[in-house]
Structure formats: structure tokens, C-alpha cells
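Nothing in this text is a laboratory measurement; each read-out follows from the coordinates by a stated rule. What you are looking at is a predicted structure, and each value in this text was computed from that prediction instead of being measured. Heads up, the Cβs are rebuilt from the backbone with ideal geometry, glycines too, and the neighbour counts pull from every protein chain shown.
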Amino acid sequence: MIERGRLLGRAQTWQADVVVVGTGAGGAMAASELSRRGVRVIALEEGPSLVPDDMTQREDEMMPKLYQDRGGRSTADLAIRVLGGRNVGGSTVHNINLCKRIPDAILELWERDHAVSGLSADELGPVFESVERDLSVSEIEPARRNANNRVLERGVTALGWRGGPLKHNRLGCQGSGFCELGCPYDAKQNAAKVLIPDALDHGARVVSDVRVTRIVHDGRRARGISGVALGADGRPIADVRVDASAVVLAGSAIGSAVLGVASALPDPFRNLGRGLHLHPGVAVAGLFDERIEGWRGIPQSYECTELLDLTPGSAHRVWITTAFAHPIGAAIMLPGFGAAHRAWMLRYPNIAVLTAMLHDESEGQVSVARDGRPRIEYVLSLSDSTALARGVRACARLLFAAGARRVLVPSTPALELSQREDIESIPDAVTRPHGMAMAAVHPMSTLRLGDDPRRAVVKSTGEHHQLSGLFVLDGSLYPTSIGGPPQIGIYTLSRHLSRFVAERVGRG
Amino acid sequence: MRADRRRFLGWLSGASAALFAGIALVRGSGYVVSEAARARLEVLAPWQFVVVEAIGQRIVAPERADVGFFVDGFARGLADQDRDELLGLIGFVEQLAPLAVGLGPRFTQLLPDEQDRVLAWLEQNPVGLVRGGFAALKALAMMAYYRQDEAFERLGYGGPVVRWSVR
């Protein structure tokens, strides 16, 4: 049973072999793997533990519950909204369940250019398979593709572009279309549903509502964590300390970096928190004669990879899929206000939305703001914003090819295209900072792995270069963007690298 | 000579303080909020409530929504710094933004089309933080309106299919 930190009445000191910080894909997998090996594990989560009955399918109720900073987190310049999970299960509770492996080309790049060892496609292949089996990953059948995804498929087919179906980890899905607000049907085969119960079954303790504020260390070895339990109002109510032989940091590329900086981890080459990739995305809307009702059915079941070339420096680095939002999300995305905005909203049932997400080479930085919260500095480079603008034009092309009457690029000011010849009028500048609404749901790379301590924070085993007993097992590890959703890669790396954690505490 | 200069600077400083206090008094008074509404507010000051209402109604126009109370409730759950920034932004829109587009009165005293000019200036401002501030206000107003079942019906949106709700 998950323990609730908000019920703690006084300061606590606990002992464990390993304390895991964060219960998303990386942390939950580590807790499961380690407890299965007989390791005494305590896993801590800053957010609450939610159950399917908590998921009301209402944006205004679920966004504050599921997301960091109530869904309002953004880069320091307010140009990019950065969404991350904050509850037991982390972002796997609200994500769309997309399961794309880390591409072989990326693994080769890491080995060749980032001194990563032991993580080749051959070595990770069986681990990916085992993770996909345990999480019930399968391709979404064509018959379950919703109208918005059929629009994308139609566009891809008409243009003769590269595309195909996507895999998800869901079982018993009702197709209600509210995935990003949590699943009331418990159909997501995610960290909260599969791995946390497994960890508990094997003796792990999982405690929600505990914010870890420091990694306790002596400069050479990690010795545990200190933190606070949070009351129902989010305010600290009791100190918590865990003494442990090893610490697993799995609080996301943002949270782990902040904790690392706040803990003054050894950082002789100034790599900590740097190298942030956001995989930022923009949305483009198409107006159709027929009703799309994109809010219904399984989202993101089809992709277009025509413009996704993972070669460093490539001009084509965007991944395109669908991105329909419920009314609040749609209203925020559509440009303008007042009557003009309202006119677009009234066409909501006839709108299909595509998103282009950038395999970004720009690098940002996560540091700690004066109030202790994350400060995310990230600005798209010129080549990145140009590549993303190509993605915007590609989305418009796909929408027209699929039969859109009009296409709306939600830039400021808005660009409304009535024919495909207008596409070339979309300027490269449209994706410069604040040019159009931008969101990032896949932050990566702030505690990069690699065997060269001058360039990486952790070794290829996941262990910190300078601090023995500190492991990182989340998206922070990725030395580069992977060009797609990171969750299955995080599960896989965490499973693969957990054995080094077990070895460190004598359970290898 | 030095004494005269000091006396002049002292006079200037005093006059400036009096002038700004007068402006603040004039520009900071005259907000009408019912006792019942005041009693419901937890974060927003009454004048901030009036400003948020005015901004929100222009953003969701021609519809209407309880933007003021929604923002008050939302702000309650914000981290201290975010809440301070939001309150600062409300003051900026009320007092300074109209001046930037050449309008003397504060935002809440402008005609609707003048208020729209101010909002458009914020939305398309070359300064990223100003644009970001507008985006935050827009998001709050849209949340206040598009959370309502009546809004769902007008859109033709089915809304939640589970029956429970915390409200």
C-alpha cells in the first residue's frame, strides 16, 4: 500500500539500501527491479497518489492535480510551456501511452560521439522487448484510429510520405479520449498501474507527498536524502530523512537537475543541469467539412516521419503526429481573443490538429530559482527554429492533402491559409520565441550519461562520475534528444541499469 | 549654491512624491465591488478582482464567465512567487498598459474597443515577457469559460463521459 506523506505527524528518519527519488517511468521501474532483487527500497514522490476514481475528465480539475506547477510551468522567457507529471506514476499517468524505442541511429550516435558504452541496439534489444511485454505494448489497430488520426493518415497517403501506426501501452481502453487527464478506466499499463504495485509486492515502501530537497553526501559518496512531507495544501508539515547506501535520482530532466544543483553535487566540468533538450512542439489546425470530433477516441495512433532525419545537423528534424486538445487546451492554443477567437472555437468539432515536434539540437539549462523552484533557460537556435518552421509547413501540407478547407497556424498574428499555395508564405520566423504557442512534454538530457567525465554527469552505468552511490535513471540521462517520446526508453534504461545499483549495494 | 541645489532637489522630491501619491489615489480609487463579492475573495484585492473581470470579459467576449472568482481560486493554489507575479501583472495591465497605447485612463475605465487595443498590444508585444503575461491571462480567462458545461454544449463538445466530479 502506498503511504501518504501528508498523514505524517512528526519528523521521520528511515533506513533503506536504496532511496528512489521520483516514481515516474524511471523511478517506478528502478523500485520494481531493485525490490525484486531483494534490495530494501524506499521510493518517494512529491505529488499525491491518485486512483482512477480521481480522474474526472475535466481539464480545470485535473491539470492542477496531475501536472507540475498546476500545468503552468514554462521556460524563463515564458515562450515554451513545459509539462511534467507530479503524482505517483509521474508523467506516465497523463501521457498518451506512446511507446517508441530509442532509435538505433541515436544509440549509435551516443556510442560514437558521446562515449556511451554498453547501450547498443543489440544490448538493449532484449530489454526493450521485456519492457514492452510487461507493459502490454501493442500497435493501435486501424479500426480504432480516430478521425483526427485518419486525417493524418490520409495526408500521408496522399502525399506519398513516410508514416505509419504507433504503439501504445494500454489494455481495456474505452477510447474516451481523455488520456492526458488521467484514465478513469485504469487502462494505462503504466508506472502507477504495473510497476509500483510490483515494487510494493516485493517489499518496497512507496511514499507520496514527500518533496526531496537535498541529496545527502560528503563529496565522494551519496548517503541518503533529506526532504519534507507536504500537507494537503502543499506546505511542509514534517521533515523526512532517509539514510541509504545508494540514491536513485528519477525526478525527470527538470526535477533531477534542480535537486542536483540544490544539493551542490560535485560538478568539476560544469555539466550539471546543462544540455537540456525539450523536444518542443507546435500545433497546426485544419478546418474540415466533416465533423472530426478529435476529442473522441485514442489520440496519437499514427505518425508521419517524412521530415525526421536523425543525422546531426540535418535540416529535417521534425516528428509529426496528431495533437487534439479538449476545449481549454484548444482555446489556449488558438490565437487571438474575443469574437475572432470565438469564431474558431465554434468550429471546434470540425477541426483536426497536427503537431510537429522538433528533434532539437539547441541546449538549455536548468538551475534553481531564488524560491527553490526550477529555472528553465532555453532558446531555440536559428537552425532549430527554421527546422521547426519546416514542420509547420509540413503540417499545413498534410492537412490540405487530407482535405482541409482552411489551415490555421496559431501564430501571433494568426496565419489563416485558404489554399495550399499559401503554405510558402509561412515565414521561418514563425517559430522564433513567442512566434507561436509552443509546448514541451519530453524534456531530456540535463544529467547526461557517457564515460567521459568532462562531458557527462554520469557514467554509462548511470552512476555519478564523482559521487559514488548516486545513480540517475530518468530522461536526464539522454545525451541528446531522441526525436520522439522518451518514456519507453526511460523504462528500458532504468531496467537495464538497475543492476548496477543492485551491485553497488551488494545485491548484484 | 550647493544649499540652493539641495533645497531644490528636496522640493522636487517632495513634489514628485505628492504627485505620484495623488495619481495613485486618483487611479487607485473608484472600484465598486459588492460586500458579498469582497467576502468571497481570498487572494485578489477588490480592485484586482475588478481588473481581472474586465480583462476576462474582453478575452471571452461575446460570452461571459466568472473570471474574477475563478482566478481568485486558481491563485490560491499557486506558489508564492507565481502569485506575486500574477498580481503584479494585473496592476501592470490596469495602470501602465493603457498609457503605452496612448490611452490615459486605467484599463477598467476604457471603452471595450479601447480595452481590446490594450490587449492586442499585450498579445503582440515585441517584449517576450509581456506576450507571455498576456498568454497567462488569456489561459486563465479561457479556463474560466471553457470549464463550464454550458460552454461544452455551445461548442458541440460532448464533455466528460464519467459521471463523477470533485465540484
Bridge orientation stat for chain A from DSSP, antiparallel percent rounded to 5, came to 65 percent
Consider all pairwise Cα distances in the stretch A:393-508 and report the whole-number % of them above 23 Å. 53 percent
Under the rule of at least 5 residues apart or a separate chain, name every residue whose amide H is placed under 5 Å from the amide H of A:LEU415. A:VAL409
So if I take the alpha carbon set of the protein assembly as shown, get Rg, then get Rh from the Kirkwood formula, what is the Rg over Rh ratio? 0.99
Just rank A:ASP69, A:ASP53, fewest to most, by other beta-carbon atoms within 10 angstrom. A:ASP53, A:ASP69
Report the relative contact order of the stretch A:454-508, percent, no decimals, based on alpha-carbon pairs under 8 angstrom and at least 6 residues apart. 29 percent
Count, lysine Cα pairs under 26 Å in the protein assembly as shown, 8 or more residues apart or across chains: 9
Crossing angle, helix A:25-36 versus chain A [Cα axis fit, 0-90 degrees, rounded to tens]: 40 degrees
Net dipole in debye of the stretch A:349-390 [+1 Lys, Arg Cβ; -1 Asp, Glu Cβ; about Cα centre; nearest 20]: 180 debye
Long-range HN-HN contacts of A:ILE80 with modeled amide H, under 5 Å: A:THR75
Listing A:HIS94, A:HIS316, A:HIS496 from the residue with the fewest other Cβ atoms within 10 Å to the one with the most, what is the order? A:HIS316, A:HIS496, A:HIS94
How about the stretch A:335-408: which trypsin sites (Lys or Arg not before Pro) there lie in a loop by DSSP and see at most 13 other Cβ atoms within 10 Å? A:ARG370
With x for Gly and Pro, the residue-by-residue ³J(HN,Hα) of the stretch A:365-371, computed from phi through the Karplus equation 6.51 cos²θ - 1.76 cosθ + 1.60 at θ = phi - 60° and given in whole Hz, is 9, 10, 9, 10, 6, 4, 8
Where nothing but the Cβ of Lys and Arg (+1) and of Asp and Glu (-1) is charged, how large is the charge dipole of the stretch A:116-221 around its Cα centre, in debye to the nearest 20? 400 debye
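Counting only helical runs of four or more DSSP H residues, what would the 222 nm mean residue ellipticity of chain A come to if each run contributes -39,500 (n - 2.57) and the total is spread over all its residues?
Result for chain A: -7500 deg cm²/dmol, rounded to the nearest 500.
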Taking the reciprocal of mean 1/r across every pair of different Cα atoms in the stretch A:173-255, the Kirkwood radius in Å is 15.6 Å
I need the Kirkwood Rh of the stretch A:283-401: take the reciprocal of the average 1/r across all distinct C-alpha pairs and report it in angstrom. 16.2 Å
Residues whose modelled amide H sits under 5 Å from the amide H of A:ARG406, counting only those 5 or more places away in sequence or on another chain, are A:LEU287
Equivalent ellipsoid semi-axes for the stretch A:294-359, as square roots of 5 times the alpha carbon gyration tensor eigenvalues: give them largest first, rounded to whole Å. 29, 15, 8
If you fit an axis through the alpha-carbon atoms of helix A:147-159 and take the longest principal axis of the Cα set of chain A, what angle between them do you get, 0 to 90°, nearest 10? 70 degrees
Tell me which chymotrypsin sites (Phe, Trp or Tyr not before Pro) from the stretch B:75-167 have a DSSP coil assignment and no more than 16 other beta carbons within 10 Å of their own. B:TRP164
What trypsin sites (Lys or Arg not before Pro) does the stretch A:448-488 have in DSSP loop regions with at most 12 other beta carbons within 10 Å? A:ARG454
Rounded to whole angstroms and listed largest first, the alpha-carbon spread of the stretch B:113-167 along its three principal axes comes to 44, 23, 16
Dipole magnitude of chain A, debye to nearest 20 (Cβ charges: Lys/Arg +1, Asp/Glu -1, about Cα centre): 720 debye
Expected sort for A:HIS326, A:HIS359 with the fewest Cβ neighbours (10 Å cutoff) up front is A:HIS326, A:HIS359
For a quick size check, give me the Cα extents of the stretch A:64-197 along its three principal axes, largest first, whole Å. 41, 40, 39
Of every Cα-Cα pair in the stretch A:225-331, the percentage lying beyond 24 Å is 58 percent
From the backbone phi of the stretch A:278-291, what are the Karplus-calculated ³J(HN,Hα) couplings (6.51 cos²θ - 1.76 cosθ + 1.60, θ = phi - 60°) in whole Hz, Gly and Pro given as x? 10, 6, x, x, 10, 10, 10, 10, x, 9, 10, 5, 7, 6
Equivalent ellipsoid dimensions for the stretch A:1-100 as semi-axes, Å, which come from the Cα gyration tensor, largest first: 26, 17, 15
Whole-Hz ³J(HN,Hα) for each residue in the stretch A:503-508, computed from phi via Karplus 6.51 cos²θ - 1.76 cosθ + 1.60 with θ = phi - 60°, x for glycine and proline: what do you get? 4, 4, 9, x, 10, x
Got the relative contact order for the stretch B:32-99 handy, in percent, Cα pairs under 8 Å and 6 or more residues apart? 32 percent
